[in-house]
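Undergrad: Below is one structure. I have some questions about it.
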There are 2 protein chains.
Amino acid sequence: MTQASLFNQIKTKASFLCVGLDVDLDKIPPHLLKEEDPIFSFAKAVIDATHPYAVAYKPNLAFFEAYGLQGWNAFKKVIDYLNAHYPDHFTIADAKRGDIGNTAGRYAKSFYEYYGVDAVTVAPYMGRDAVEPFLAFEGKHAILLALTSNTGAGDFQYTEEKGHLLYEKVLKTSLGWENADRLMYVVGATKAEALLSIRKIIPNAFLLVPGVGAQGGSLEEVIQNGMNSQCGLLVNSSRGIIYASRGSNFAEAAALEAKTLQTQMAEHLKLSGLI
Amino acid sequence: MTQASLFNQIKTKASFLCVGLDVDLDKIPPHLLKEEDPIFSFAKAVIDATHPYAVAYKPNLAFFEAYGLQGWNAFKKVIDYLNAHYPDHFTIADAKRGDIGNTAGRYAKSFYEYYGVDAVTVAPYMGRDAVEPFLAFEGKHAILLALTSNTGAGDFQYTEEKGHLLYEKVLKTSLGWENADRLMYVVGATKAEALLSIRKIIPNAFLLVPGVGAQGGSLEEVIQNGMNSQCGLLVNSSRGIIYASRGSNFAEAAALEAKTLQTQMAEHLKLSGLI
């Protein structure tokens, strides 16, 4: 999916919500554990209930990988299901991959072609040749970690060189890479104050913003500092939506949480004149 | 496996060779493609032929992941085979994972417990809470990317803060993390000159050193600058060994290349008085 199509979807749905699919068998409604494939059953129900309010879904690979082959199989089924039933939704494999040239190319091929996602999150530490292979596919996007929402983000991402921080260097350097127009960036909602300076470096790129909700980030601040003329935001919520209830009403509860966020997003899109 | 056991294996085998299993169906001997599971058949033959000369095996996950469920299944079979037939060999999942707290814990559990490897390579960009979960398992090791062997390493790893480079900061900072004694580090053989200063920061840790052979790193220099009193080195070779021949003699050719490296290693271990 191109960024222009993504913006069209955002306008159509009046939403820039990404639902994070962090499927944890210890947290899903117990009655689903009897199903043949509880991971997929849970994800499918959440998708069916939340799709009117979301423009993107982000399965976190760690949760799927933790269940071995069963988990990978469920991941494939989730992406297949999304592509078959909701092809207008943007799909992100939150995999945070990062490896050198020939190896990165393997990962890219696997996620884009075998699984069929629109985007993959990628780590910057190994530099250009770990990321460019993810940018070599038309309509596909690498989402580069820039400033993450976790506490450990402070360990290295604020490393200061000649007055510039490492995450700023990551942003600036990446602009010189081949097919840099296919790059998006991860910026945590818990670092919303940094969005103003980030937007000076990358005014046009889409940002994937985790950390609203359970992690304490503010949707208002993210919008105020990070929205651009193409919206430019995909705000992710995972636990706040998918684990809103552990009862048999879990899907309805997820839909309600998603709708609440979508309603706030719609207001801001209207206020900004984007819809 | 503890680091003391690993050192014992190094002494017993007179080798600190790690064989990288980057299984690429486009490069393996064509006659293997007729097998039911060509990835596993190739890896098994290489392992059976090279095990007397190696102390460790490092499947690179990207190559396995590229083949989807078939690849993951083959990866599990490779580790199961190693654990069943060669339990004294150290196994490394070269996965370069990096994700926050609860998610990192999922990855760690999957690789250590479901697949049963001894170590996983991990990326440092997200900081402490992306790595510590990989250090919470006794006898298991996180191998942290420090200074990598690829050309893109220069993009961010040499970022200079107050006279110190980012990879040095990664090394120093990581020493303060919980269970830091279970850390090992990736330092590329193409950066052998940096090993002297690296050894001042982490005199005791094991280093996983890729880049000898195809990538142009020098084994002599790595040993000269990086060896410590417990050897402290696992030198990896992938393509130079596993693709030594594409004929029906591929396993013997791989063994020959592994033996050549092992012979050089044995000489240095003797010269250093370690065996």
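The values are calculated or read from the model by the stated rules, or taken from the named source; none is laboratory data. Everything numeric in this text was worked out from a predicted model, so none of it was measured. Please note: Cβ atoms are built from the backbone with ideal geometry, for glycine as well, and neighbour counts cover all protein chains shown.
Undergrad: Among the residues of the range B:60-74, is there at least one that is more than 8 Å from every other protein chain (Cβ to nearest Cβ) and within 28 Å of A:Ser238 (Cα to Cα)?
TA: yes
Undergrad: So how many residues does the range B:4-25 have that are among the aliphatic types (A, V, I, L, M), more than 14 Å from chain A (Cβ to nearest Cβ) and surrounded by fewer than 18 Cβ atoms within 10 Å (Cβ to Cβ)?
TA: 1
Undergrad: Scan the range A:58-78 and tell me whether some residue there is among the β-branched types (Val, Ile, Thr), assigned to a helix (DSSP H, G or I) and in contact with a helix residue (DSSP H, G or I) (Cβ under 6 Å, 6 or more places away or on another chain).
TA: Yes, the range A:58-78 contains at least one residue that is among the β-branched types (Val, Ile, Thr), assigned to a helix (DSSP H, G or I) and in contact with a helix residue (DSSP H, G or I) (Cβ under 6 Å, 6 or more places away or on another chain).
Undergrad: What residue, of B:Ala251, B:Ala258, is crowded, with 17+ Cβ neighbours inside 10 Å, over 18 Å from the mean Cα position of the chain (by Cα) and at negative phi?
TA: After applying the criteria, what remains is B:Ala251.
To keep it simple, each residue is scored yes or no on (1) buried (at least 22 other Cβ atoms within 10 Å of the Cβ); (2) polar (S, T, N, Q); (3) out of contact with any Phe, Trp or Tyr (no Cβ under 6 Å at 6 or more places or on another chain).
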| position | (1), (2), (3) |
| --- | --- |
| A:Val131 | yes, no, yes |
| A:Phe134 | yes, no, yes |
| A:Glu138 | no, no, yes |
| A:His141 | yes, no, yes |
| A:Thr148 | yes, yes, yes |
| A:Ala153 | yes, no, yes |
| A:Glu160 | no, no, yes |
| A:Leu165 | no, no, no |
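Undergrad: Looking only at the range A:224-275, count every residue that is farther than 22 Å from A:Asp22 by Cα, hydroxyl-bearing (Ser, Thr, Tyr) and without any contact (Cβ under 8 Å) to a residue 40 or more places away in the chain and tell me the total.
TA: 1
Undergrad: Report, by residue number, each residue of the range A:82-109 that is surrounded by 24 or more Cβ atoms within 10 Å (Cβ to Cβ), assigned to a helix (DSSP H, G or I) and small (Gly, Ala, Ser).
TA: A:Ala104, A:Ala108
Undergrad: Could you tell me whether the range A:111-122 includes any residue that is more than 21 Å from B:Phe64 (Cβ to Cβ), facing another protein chain (nearest Cβ under 8 Å) and either surrounded by fewer than 24 Cβ atoms within 10 Å (Cβ to Cβ) or small (Gly, Ala, Ser) (or both)?
TA: The answer is no; no qualifying residue exists.
Undergrad: Filter the range B:172-225 down to residues that are acidic (Asp, Glu) and touching an Asp or Glu at 6+ places or on another chain (Cβ under 9 Å) and give me whichever is nearest to B:His141 (Cα to Cα).
TA: Top of the filtered list is B:Glu178.
Undergrad: Let me ask something else about it. If I go through the range B:29-40 residue by residue, how many of them are within 18 Å of B:Asn73 (Cα to Cα) and either surrounded by fewer than 20 Cβ atoms within 10 Å (Cβ to Cβ) or touching a Pro at 6+ places or on another chain (Cβ under 7 Å) (or both)?
TA: Qualifying residue count for the region: 6.
Undergrad: Being buried (at least 19 other Cβ atoms within 10 Å of the Cβ), small (Gly, Ala, Ser), in contact with a Leu (Cβ under 9 Å, 6 or more places away or on another chain) and within 14 Å of another protein chain (Cβ to nearest Cβ) is the requirement here; does A:Ala56 meet it?
TA: Answer is no for this residue.
Undergrad: For the range B:172-182, does any single residue satisfy the condition of being at pLDDT 95 or above, surrounded by 16 or more Cβ atoms within 10 Å (Cβ to Cβ), aliphatic (A, V, I, L, M) and closer than 28 Å to B:Ala123 by Cα?
TA: The answer is yes; a qualifying residue exists.
Undergrad: Also: Output the residues belonging to the range B:141-155 that are of a type outside the set (Val, Ile, Thr) and more than 7 Å from every other protein chain (Cβ to nearest Cβ).
TA: Selection gives B:His141, B:Ala142, B:Leu144, B:Ala146, B:Leu147, B:Ser149.
Per-residue answers, yes or no, for (1) closer than 24 Å to A:Ser238 by Cβ; (2) within 13 Å of chain B (Cβ to nearest Cβ); (3) small (Gly, Ala, Ser):
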site: A:Gly139; (1), (2), (3): no, no, yes
site: A:Gln157; (1), (2), (3): yes, yes, no
site: A:Lys169; (1), (2), (3): no, yes, no
site: A:Leu183; (1), (2), (3): yes, no, no
site: A:Leu196; (1), (2), (3): no, no, no
site: A:Leu207; (1), (2), (3): yes, no, no
site: A:Pro210; (1), (2), (3): yes, yes, no
site: A:Gly213; (1), (2), (3): yes, no, yes
